[in-house]
Every structure is written in C-alpha cells, then in structure tokens.
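Worksheet: the structure to be examined is printed underneath.
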Amino acid sequence: AMYTAKSRGLDSVVYSDHSTEGIGGAILTELREALQSGPETAGLAVHYQPQVELGSGEVVGVEALVRWRHQRLGWIAPTEFVPMAERGVLIGELTRWMLDTSLAQLRDWEDAGLKLRVAVNISVRDLQSVELADFLARRLVHYQLPADRLRVEIDDASSISGRENVQAALDALEDLGVGISLDHFGIGYCSLTRLRRLPVSEVKIDSSFVSRLMSDDDDAAVVRSIVDLASALELAVVAEGVEDEPTWRALAALGCNGAQGNYFAHPMPPEDVVLLLRDGSRFPLLRAVSS
Ligand code: C2E
Ligand code: MG
Ligand code: MG
C-alpha cells in the first residue's frame with residue numbers, strides 16, 4: 001500500500017480463523033450487549049478506507065467499515081457478524097451506531113480542517129421504513145453537516161428493487177440529500193429499468209471484476225460496460241479492491257471516477273486518516289500523470 005497506518009502499526013486487521021470453532025448465537029448475544037452497553041468499550045470500532053478521485057488524485061472521501069475485536073476470539077470479520085445481525089433487529093442498532101460514529105468523526109475532521117465525505121454501508125433491512133431518513137435528518141442537524149457529505153452504500157440491488165417500502169425509504173434519503181451508492185455492482189441481478197428508477201447516485205464495481213481487470217478479457221469487458229452504463233445514466237462509478245498500479249491506471253484510462261483499495265490505502269483508524277492527509281492528500285503517481 002502507498003500509505004499504511006502509522007499511529008499504531010495497525011495497517012490492516014488480520015482476522016482469526018473461526019471456521020473450525022464456528023460463531024453462532026452466543027456471539028450474537030455478545031454483539032447485542034456490545035451495542036447496548038457502549039460499543040467502544042466492547043471492542044467495536046470504525047475504520048476508514050480512503051477513496052480517491054482518479055482524475056485529480058485527491059482523497060475525496062472515506063468508506064466506514066465496522067471492526068470488532070472480540071475479547072476471546074480476536075478480530076471477527078464483518079462478513080461473519082453483519083449477516084448474523086441482519087437476521088434480526090440488531091442490524092438497525094449497528095447501522096445507527098455506524099452512522100452516528102461516522103458523522104461525529106466527519107465533524108471532528110471538519111473541525112481539524114479536513115473536508116471529507118463518508119460512505120456508510122447499510123442493509124436492505126434498514127430500508128423497511130422512512131425511519132432511517134428521519135434519524136439521519138436529526139443527526140445531520142446535530143453535527144451541522146450537509147447531507148451530501150454522507151453516502152449510504154447498499155448491497156444487493158436485486159432485493160431492493162420492486163419493493164414499495166424500500167423505494168419510499170430510498171426516496172426519503174434522496175429528498176434529504178444523502179447520496180446512494182450501489183455496492184458490489186455487477187454481481188447481483190439488477191435490470192436496467194430498475195436501476196433507472198432507483199434514486200442512485202453512484203455504483204461501485206465489485207472487487208472480483210477489478211482484481212481480474214488486467215488478466216481476464218471478460219472481466220475487463222464487464223468493467224468497461226459498467227463504466228459506460230454509469231456514464232450513460234449519469235452515475236458516478238467507483239472501483240473497489242484495487243491492489244496494484246497497472247489496475248489503478250487502467251481504471252483511470254477507462255474513465256472510472258474514483259477508486260479505493262489496498263494499493264492506495266488500507267482501511268485505517270481515524271487518526272491515521274489525519275496523518276495520511278497531513279502528509280499530502282494527493283496520490284503522487286496520478287498527480288504526475290494529470291499535471
Ligand atoms: P464492502 O462494503 O464492499 O467493503 C469493502 C471490503 O473490501 C472491506 O472488507 C475492505 O477491507 C476490503 N478491501 C479494501 N481494499 C481491498 C483490496 O485492495 N483488496 C481486497 N481483497 N479487499 C479490499 P471488510 O471491511 O471485511 O468488509 C466486508 C463487507 O462487510 C463489506 O463489503 C460490507 O458489505 C460489509 N460491512 C462492513 N462494514 C459494515 C457495516 O458497518 N455495516 C454493514 N451493513 N455492512 C458492513
Ligand atoms: Mg461498501
Ligand atoms: Mg464495496
């Protein structure tokens with residue numbers, strides 16, 4: 001990575017292998033307790049991965065990613081515990097905590113002179129009503145932040161389309177001015193008609209296509225068509241999981257708007273974002289290309 005964490009030597013989290021142990025109901029109970037009794041003391045944290053605008057090489061935003069360091073089990077990956085939380089009401093509490101923590105962080109950065117945008121992953125289950133938009137309207141006022149500094153990333157476009165309450169929840173977020181981003185784009189099934197109807201402002205090209213961009217012609221074709229589609233529909237397009245320089249350059253040449261990935265920077269604790277941006281927020285290689 002171009003930049004790694006400096007403050008704690010914690011450049012990337014290495015998850016323990018829970019595959020033999022299996023994590024189940026007990027963990028869910030502990031997650032509930034963690035969220036109710038003070039997430040920070042129970043080992044929950046938010047790490048932020050910089051997102052770079054490919055044209056300018058500037059860091060324009062960060063994606064907030066939940067991290068959980070369990071007392072006995074060590075780091076547990078969100079891909080393990082988020083789906084568990086999504087089976088019940090706990091996901092709502094996790095989402096609200098992530099949103100509140102990320103907005104508080106944005107406020108702190110702003111007060112320190114750093115103007116950033118934050119993208120927070122939310123679940124389709126958070127879109128059963130317009131409650132989320134009401135919650136966000138209040139938090140944005142509380143932190144005195146304009147809504148367009150927040151983006152929500154939604155997974156699984158196929159399950160959000162064609163459902164009225166979900167459409168209403170998304171419309172409420174759009175009315176508020178919050179950006180909506182489709183995560184893991186290209187993996188699921190989302191018809192063009194549905195895509196056009198959803199109030200989406202951005203698509204994120206799934207890392208599985210990005211990682212094979214340079215080695216597989218079919219994946220390169222998929223990436224190219226997503227970029228073209230996004231531009232035809234006037235959506236921004238961001239590539240994720242960029243791990244090397246050739247891929248980074250190829251994405252810029254294809255007209256991709258933004259990129260994130262371990263090549264540029266790993267997800268990192270918030271104090272490292274400050275260090276990174278203090279060192280110069282521009283990506284040196286691209287600055288050389290574009291200026
Ligand atoms: P995602 O939203 O697509 O997040 C990007 C994932 O790719 C992150 O994994 C990140 O650490 C990883 N990544 C970043 N750069 C690279 C790279 O260059 N190469 C590779 N191979 N991976 C890279 P993470 O943090 O383990 O999160 C996995 C997924 O869990 C996320 O995918 C998202 O769907 C979900 N998730 C994470 N945090 C939250 C959250 O707070 N709420 C919800 N609902 N879901 C979350
Ligand atoms: Mg995401
Ligand atoms: Mg993603």
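Only one of the listed residues (GLU110, GLU58, GLU63) is closer than 20 Å to HIS184 by Cα and of a type in the set (D, E, K, R). That residue is GLU63. I'd like the residue in segment 115-159 that is within 16 Å of ligand 2 (Cβ to nearest atom), hydrophobic (A, V, I, L, M, F, W, C) and part of a helix (DSSP H, G or I) and, out of all such residues, is farthest from GLU93 (Cα to Cα). Result: ALA157. Every condition in (1) among the small types (Gly, Ala, Ser); (2) modelled with pLDDT under 95; (3) open to solvent by 10 Å² or more (accessible area, probe 1.4 Å) holds for ALA137 except the one numbered (2). If LEU114 satisfies every condition in (1) within 27 Å of ALA239 (Cβ to Cβ); (2) under 16 Å from the mean Cα position of the chain (by Cα) but one, which is the exception? Checking LEU114 against (1) within 27 Å of ALA239 (Cβ to Cβ); (2) under 16 Å from the mean Cα position of the chain (by Cα), the one that fails is (2). The residues of segment 201-223 that are assigned to a loop (DSSP other than H, G, I, E, B), away from ligand 3 (no atom under 16 Å from the Cβ) and among the acidic types (Asp, Glu) amount to a single one, ASP216. Can you say whether SER215 is under 17 Å from PRO246 (Cα atoms) and either surrounded by fewer than 20 Cβ atoms within 10 Å (Cβ to Cβ) or over 20 Å from the mean Cα position of the chain (by Cα) (or both), as far as the supplied structure shows? It is true that SER215 is under 17 Å from PRO246 (Cα atoms) and either surrounded by fewer than 20 Cβ atoms within 10 Å (Cβ to Cβ) or over 20 Å from the mean Cα position of the chain (by Cα) (or both). All of (1) within 16 Å of ligand 2 (Cβ to nearest atom); (2) in contact (Cβ under 8 Å) with a residue 60 or more places away in the chain; (3) surrounded by fewer than 20 Cβ atoms within 10 Å (Cβ to Cβ) hold for ALA112 with one exception: (1).
Each row is one residue, and each column tells you yes or no for (1) under 27 Å from ARG196 (Cα atoms); (2) surrounded by 23 or more Cβ atoms within 10 Å (Cβ to Cβ).
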| position | (1), (2) |
| --- | --- |
| ALA221 | yes, no |
| ALA236 | yes, no |
| GLU245 | no, no |
| GLY255 | yes, no |
| GLN260 | yes, yes |
| MET268 | no, yes |
| LEU275 | no, no |
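Check segment 35-42 and report whether any residue there is free of Cβ contacts under 8 Å to residues at least 60 places away in the same chain, away from ligand 1 (no atom under 11 Å from the Cβ), crowded, with 20+ Cβ neighbours inside 10 Å and assigned to a helix (DSSP H, G or I). Looking for residues that are free of Cβ contacts under 8 Å to residues at least 60 places away in the same chain, away from ligand 1 (no atom under 11 Å from the Cβ), crowded, with 20+ Cβ neighbours inside 10 Å and assigned to a helix (DSSP H, G or I), one finds none in segment 35-42, hence no.
Of all residues in segment 227-239, those being free of Cβ contacts under 8 Å to residues at least 60 places away in the same chain and within 15 Å of ligand 1 (Cβ to nearest atom) number 2.
Of the residues ASP100, ASP155, ASP148, the single one that is at pLDDT 95 or above and open to solvent by 50 Å² or more (accessible area, probe 1.4 Å) is ASP148. Mind listing just one residue for me: the one in segment 172-200 that is buried (at least 19 other Cβ atoms within 10 Å of the Cβ), within 16 Å of ligand 1 (Cβ to nearest atom) and among the small types (Gly, Ala, Ser) and, of those, nearest to the chain's Cα centre (by Cα)? Taking the candidates together, the pick is SER181.
Beta carbons closer than 9 Å, at least 6 apart along the sequence or on distinct chains, pair a first residue in segment 79-96 that is part of a loop (DSSP other than H, G, I, E, B) with a second that is more than 16 Å from ligand 2 (Cβ to nearest atom) for ARG87/LEU28; GLY88/LEU28; GLY88/ARG32.
If only residues of segment 58-97 that are within 13 Å of ligand 1 (Cβ to nearest atom) and among the polar types (S, T, N, Q) are counted, the one that is surrounded by the most Cβ atoms within 10 Å (Cβ to Cβ) is THR95. Consider segment 160-199 and keep the residues that are assigned to a loop (DSSP other than H, G, I, E, B) and under 24 Å from ARG138 (Cβ atoms). The one that is nearest to ligand 2 (Cβ to nearest atom) is VAL178.
The values are calculated or read from the model by the stated rules, or taken from the named source; none is laboratory data. Here the structure is a predicted model, which is why all the values come from computation and not from measurement. Because the Cβ atoms are built from the backbone with ideal geometry, glycine has one as well, and the counts that use them run over all protein chains shown. When the accessible area is computed, the model is the full protein with side chains, heavy atoms only, and any ligands, DNA or RNA have been set aside. Shrake-Rupley method; radii C 1.70, N 1.55, O 1.52, S 1.80 Å.
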